[in-house]
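The values are calculated or read from the model by the stated rules, or taken from the named source; none is laboratory data. Worth saying up front: this structure is predicted, and the values here are computed from it rather than measured. When we count neighbours, we look across all protein chains shown, and the Cβ atoms used for this are built from the backbone with ideal geometry, even at glycine. To get the accessible areas, we keep the full protein, side chains included, count just its heavy atoms, and leave off ligands, DNA and RNA. Shrake-Rupley method; radii C 1.70, N 1.55, O 1.52, S 1.80 Å.
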Amino acid sequence: MLTDLIINVDEFLPRTETLTTDQLKKSMDVYAETTRRLLASTSQHAIKILCLSFYLTDPHLQAIGSAVGSIVEHGDTKLLEFNMMADWHDLDYRLEASVQFGQRFMAFFGSCPSAFRWLTSLSIENLRFNESDMSSLLDVCDQLRFLSMRSCDCGPQSVLKIDTPRSQLMELVFDMFIRVELIQVPKLMHVVCDILVFESPAIVFGHVPLLHGISLSSMIMNQPPLMLSNWLSNVRSLSTLTLDFKNWVIWIKPEGPKRLSLIFSKLRDLHLCGIFFSEYNLEWTFYLLEAAPSLKNFFLKVQRHKCARVYKVIDDQQRTSLQWKASSDFKHHSLNLLDIEGFEVEYKLMKYIRHVMKLAEQLKMIRLQHKEPCDGCDANGRLGFNSSGSEIDTDLTREF
């Protein structure tokens, strides 16, 4: 009579600090047999949600896939989720291993078509595929709604092209492909990209009419600033935008609000993270506020810890390119929340907050969160003290 089955291999692992390959194999032996028995003893029409988290180890994959296939092929499962992890224990050559794990995954995929045909959520990590593998996977998994690929690629400088006009894919997460081209993904609603460095926009948007959430986290080195109006020109339903600069260069270029007005007309939540505050001020953010008249919530996360930056890369030319002065008559009529993480009482930041208060006529809440403690630098993280440990300037507090 069970309707929801969530079986995680972590519950089968021994409680030890280090895990050997032999211990992992024994745990997967028990996991595969437990999964097989549970599914064999459950009515096909009872299971509505089936979530399995396991390692890509042989010979367990075939047993798991066959057991799942027999249930979903003739049952009424609404959600089928696979979370698959590569076994890195006792492996010294990770590049060769990622190729091996990629081949093992594709062999699993090819031998259990029923399981993958009904798959709705897939999370994989540390796999290297052939160029044609991803197309085959997306063609067969036509019920897939969520796809997460952490540390997965098709080789150095690989590009992933997704052209699936009948796809049900709604959310995509990736971090290794140098670029992902979303040619036709009609149901896609949310994209998350976390990549260290890329030479051009990491996401190319084609036909994505329902896309409303974009999260991009990256550093860009030796590249001209990104023009959001060009990058997002095909996006018309954007409601949530997250840009994480990884405490490095601010890689977007301020531009006139009219160029962004159509793209940002429905934007409700804006998150700007990883801003290294000692190198940049925040005045450049006003061009985003001015371009987003429907914005409700504005989140800023500034970095103050010295250990967050290994060496200095910001020059005067880059700072100058970020200078922006809002229109003299600009008022924002929708903003309700200003949230700043990494707050300290200092003139530059207090001036910025007062400016937002002046512009935002409907502002209801200002949430100020202090920076987190850090063992890697001299910041102690206590609200009411600055980074040197001395008390803050109470005159500034009264003024605010």
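For Lys301, Lys258, give me the order by solvent-accessible area with a 1.4 Å probe, most accessible first, ignoring ligands, DNA and RNA. If you can, show how the numbers build up before the last one.
Numbers: Lys301 95, Lys258 185 Å².
From most accessible down to least: Lys258, Lys301.
Considering only Cα-Cα distances, which of the following residue pairs are longer than 23 Å: Lys266/Lys371; Lys246/Lys348; Lys253/Lys348; Lys161/Lys187; Lys78/Lys266; Lys187/Lys296?
In this structure, Lys266/Lys371; Lys78/Lys266; Lys187/Lys296 lie more than 23 Å apart at Cα.
Hey, can you find the accessible area per residue of segment 5-79 for me, probe 1.4 Å, expressed in square angstrom? Walk me through the numbers before you get to the answer.
On the way: 3820 Å² over 75 residues.
Per-residue accessible area for segment 5-79 comes out at 51 Å².
Within segment 104-229, what whole-number % of the accessible surface is contributed by carbon and sulfur, with the 1.4 Å probe and all protein chains included in the calculation?
Heavy-atom surface of segment 104-229 belonging to carbon and sulfur, 1.4 Å probe: 53 percent.
Using the heavy atoms of the protein chains and a 1.4 angstrom probe, tell me the accessible area per residue for segment 235-303 in square angstrom. Provide the component values of the computation, followed by the final result.
On the way: 2180 Å² over 69 residues.
Value for segment 235-303: 32 Å² per residue.
Using only Cα atoms, locate the centre of segment 22-79 and the centre of segment 162-213, then give the distance between them in Å, rounded to an integer.
Value for the Cα centre distance between the two parts: 30 Å.
With the crude spin-label approximation of a point 7 Å out along Cα→Cβ, what separation in nm comes out for Cys51 versus Leu210?
Distance between label points: 2.1 nm.
Out of the total accessible area of segment 3-51 (probe 1.4 Å, heavy atoms of protein only), what percent is carbon and sulfur?
About 53 percent, which is the carbon plus sulfur part of the accessible surface.
What are the residues whose amide H is under 5 Å from the amide H of Lys301, where those residues sit 5 or more places off or on another chain and H is modelled from the backbone?
Long-range HN contacts for Lys301: Leu272, Cys273, Gly274, Ile275, Glu341.
Given a 1.4 Å probe and heavy atoms of the protein chains only, how would you sort Met189, Met106, largest accessible area at the top?
Ranking Met189, Met106 by accessible area, largest first, yields Met189, Met106.
So what is the relative contact order for segment 174-305, in percent, with contacts set as C-alpha pairs under 8 Å and at least six apart?
For segment 174-305, the relative contact order is 20 percent.
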